[in-house]
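The values are calculated or read from the model by the stated rules, or taken from the named source; none is laboratory data. All values reported here derive from a predicted model rather than from experimental measurement. Quick reminder, even Gly has a Cβ in these numbers, built from the backbone with ideal geometry, and neighbours come from all protein chains shown. For accessibility, only protein heavy atoms count, side chains too; no ligands or nucleic acids. Shrake-Rupley method; radii C 1.70, N 1.55, O 1.52, S 1.80 Å.
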Amino acid sequence: MKHVIALFAIVAVVFCVAVRAVDDVQLLQFTNDNNVDGSYQFAYEQSDGQKREEKGELKQVEGAEEPVLSVSGSYEYTDPNGQRYRVDYVADEKGYRPTVTKL
């Protein structure tokens, strides 16, 4: 499961970068917190309008020997045609569940 989540994160970042490669994009905001209990959260916003936020926590799941990583978050981007999108997602023991919204 951790590999699936890590792979999704990499694909999402590559996709966002490939959508709009602009040399003068600036980082406007960035936060990153990693906690000793395994939970984390991060967020960033760029001058080209891309945004991403994510949080993760370990949770006990019935039938699992160890805690499961539960991740939720969202990202926003503009496609090459100028259409803006927001993707909200949850990834946990039930799989990856995105919801895409045109803004």
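Please enumerate the residues belonging to region 27-79 that are over 22 Å from Tyr96 (Cα atoms) and either touching a His at 6+ places or on another chain (Cβ under 7 Å) or of a type in the set (Phe, Trp, Tyr) (or both). Across region 27-79, the qualifying residue is only Phe30. Candidates in region 56-103 are the residues that are touching a helix residue (DSSP H, G or I) at 6+ places or on another chain (Cβ under 9 Å) and of a type in the set (A, V, I, L, M); of these, the one that is most open to solvent (accessible area, probe 1.4 Å) is Leu69.
Answer with yes or no whether Gln50 is within 18 Å of Val25 (Cα to Cα) and among the polar types (S, T, N, Q). So Gln50 passes the test. Count of region 72-100 residues, restricted to those that are touching a Phe, Trp or Tyr at 6+ places or on another chain (Cβ under 8 Å) and either more than 18 Å from Glu45 (Cβ to Cβ) or not β-branched (Val, Ile, Thr) (or both), is 17. Among the residues of region 34-56, the ones that are more than 17 Å from Gly95 (Cβ to Cβ) and either of a type outside the set (S, T, N, Q) or within 12 Å of the chain's Cα centre (by Cα) (or both) come to 16 in all. Counting only strands (runs of 3 or more DSSP E) that sit wholly inside region 1-60, those with at least 1 residues that are of a type in the set (S, T, N, Q) and at pLDDT 95 or above are 27-34, 40-46.
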